[in-house]
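The values are calculated or read from the model by the stated rules, or taken from the named source; none is laboratory data. Being a predicted model, the structure only gives us computed values, none of them experimental. Virtual Cβ from ideal backbone geometry, glycine too; neighbours counted across all protein chains shown. SASA here: full protein model, heavy atoms, side chains in, ligands and nucleic acids out. Shrake-Rupley method; radii C 1.70, N 1.55, O 1.52, S 1.80 Å.
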Amino acid sequence: MTDDVTRDGGPEKEPVHHRRIHYKGHYPKNFKEKYKELHPEKYGAIAGHVTAKGNTPAGTHIPIMVEEILDFLQIRPGQQGFDATLGYGGHTRAMLARLQGRGHLYATDVDPIEIVKTEKRLRDAGYGEDILTIRHMNFAGIARLAAETGPFDFVLADLGISSMQLDNPDRGFSYKADGPLDLRMNPDRGISAADLLRKLSQDDLVHLFVENSDEPYAEAIARTICGDLRRGTPIVTTTALHREVEKALEFLPKKDRRDAVKKSSARVFQALRIDVNGEFDALVRFLDSLPGVLAPGGRVAVLTFHSGEDRLVKKAFKLYHNEGIYSAVARDVIRPSAAECARNPRAKPTKLRWAVKAEP
């Protein structure tokens, strides 16, 4: 009996077994150590325990205001819909369930990493291409898609960043873990937040912080960042940027400083993320395209997570309502219930607005 050989004629080596890296202490701290949370299909009890505590299991996302969205959209079997932001697929699954196997849902996302994972989950759940089409594209291109598919009876846009992106330090979306200062939804396109900081003047940075996140300490933070960059201090990680905010707010009383730094850091990261990904431009193109892609009587719901987004949605809906294109729009925002916010704290800033396309 001869030994197994490899293609180059040498003996075949036994595969090396690598033990899973276990976390230190009682609970995992590092994102990559949370292997049980990251695979809820294998470790449902662990994921359920995390959720019950009001947290989101690592690498997953809890859809927000599902019942309120479904109540408004009034999805019926046989209709055609559009999910502008696929994300983890929670809203997508809820809308597909309402179609009951009849009709079609188109879903888009710009994130090339998460879209692959979500499509696999949905296909494994039994949603084939006969009822669900997924495209890797920005929802700003909804008019191009509608030119192929025809008008939509219902549209949902959840503009929030997904928990999977926030939790993974390799994506650089949060200061809570050290990672590269990237912030791109699609890491293959555009420039990182670190590169953007090096390009902008102090005045540009102040404008960006004010316009994109209403940052009250915009001037102090921009002055500190630009001054350190001129002196050759690298700001290429999430931790480095967080330290810049801490340094800029040292003038605040100590009792107020910690909370102020936390909130300002979140706003600074938000402002950079919006600019890096062109989020406001994409939203405006999407809102301007809606009247042309909605079927008569078609319904659109938009979830926003900060005042800049909400202002754009409110303005567009009011404009097209005044022009008679929409027969009805939300006069006031709808907020998640206290019970939902308790279950999922990331739902707290959510605002829901809706509009209905007029019929002839």
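In the set P77, P63, only one residue is under 18 Å from the mean Cα position of the chain (by Cα) and not in a strand (DSSP E or B); that residue is P63.
Within the range 331-340, is even one residue charged (D, E, K, R) and not in a loop (DSSP other than H, G, I, E, B)? Yes; the residues of the range 331-340 include at least one that is charged (D, E, K, R) and not in a loop (DSSP other than H, G, I, E, B). Among residues that are of a type in the set (A, V, I, L, M, F, W, C) and not in a helix (DSSP H, G or I), L183 is included. Every residue in the range 296-330 that is among the acidic types (D, E) and touching a residue at least 60 places away in the same chain (Cβ under 8 Å), please. The answer is E309, and nothing else. Scanning the range 336-350 turns up no residue that is modelled with pLDDT of 95 or more, buried (at least 17 other Cβ atoms within 10 Å of the Cβ) and aliphatic (A, V, I, L, M). Screening the range 141-159 for residues that are open to solvent by 10 Å² or more (accessible area, probe 1.4 Å) and of a type in the set (A, V, I, L, M, F, W, C) and picking the one that is nearest to I69 (Cα to Cα) gives L159. In the range 231-245 there is no residue matching the filter, namely being in contact with a helix residue (DSSP H, G or I) (Cβ under 8 Å, 6 or more places away or on another chain), outside any loop (DSSP other than H, G, I, E, B), open to solvent by 40 Å² or more (accessible area, probe 1.4 Å) and closer than 29 Å to T108 by Cβ.
So that you can scan it fast, the table gives a plain yes or no per residue for (1) within 15 Å of the chain's Cα centre (by Cα); (2) open to solvent by 20 Å² or more (accessible area, probe 1.4 Å); (3) in contact (Cβ under 8 Å) with a residue 40 or more places away in the chain; (4) over 27 Å from E67 (Cβ atoms):
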site	(1), (2), (3), (4)
Y127	no, yes, no, no
I131	no, no, no, no
S163	yes, no, yes, no
P169	yes, yes, yes, yes
G172	yes, no, yes, yes
M185	yes, yes, yes, yes
G190	no, yes, yes, yes
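Which number in (1) within 12 Å of the chain's Cα centre (by Cα); (2) open to solvent by less than 20 Å² (accessible area, probe 1.4 Å) marks the one condition that L181 misses? Looking at each condition in turn, L181 falls short on (1).
Out of the residues in the range 84-102 meeting the condition of being without any contact (Cβ under 8 Å) to a residue 40 or more places away in the chain and part of a loop (DSSP other than H, G, I, E, B), tell me which one is least open to solvent (accessible area, probe 1.4 Å). Among those residues, the one meeting the criterion is G89.
Considering only residues in the range 289-305 that are open to solvent by 20 Å² or more (accessible area, probe 1.4 Å) and in a strand (DSSP E or B), the one that is nearest to K348 (Cα to Cα) turns out to be R299. Considering only residues in the range 216-230 that are touching a residue at least 24 places away in the same chain (Cβ under 8 Å) and in a helix (DSSP H, G or I), the one that is nearest to S201 (Cα to Cα) turns out to be C226. Within the range 320-331, one or more residues are modelled with pLDDT under 95 and over 20 Å from E211 (Cα atoms). Within the range 334-360, residues that are without any contact (Cβ under 8 Å) to a residue 40 or more places away in the chain have Cβ atoms under 8 Å from residues that are open to solvent by less than 50 Å² (accessible area, probe 1.4 Å) and in a helix (DSSP H, G or I) in these pairs: C341/A347; K348/C341, counting only partners at least 6 apart in sequence or on another chain.
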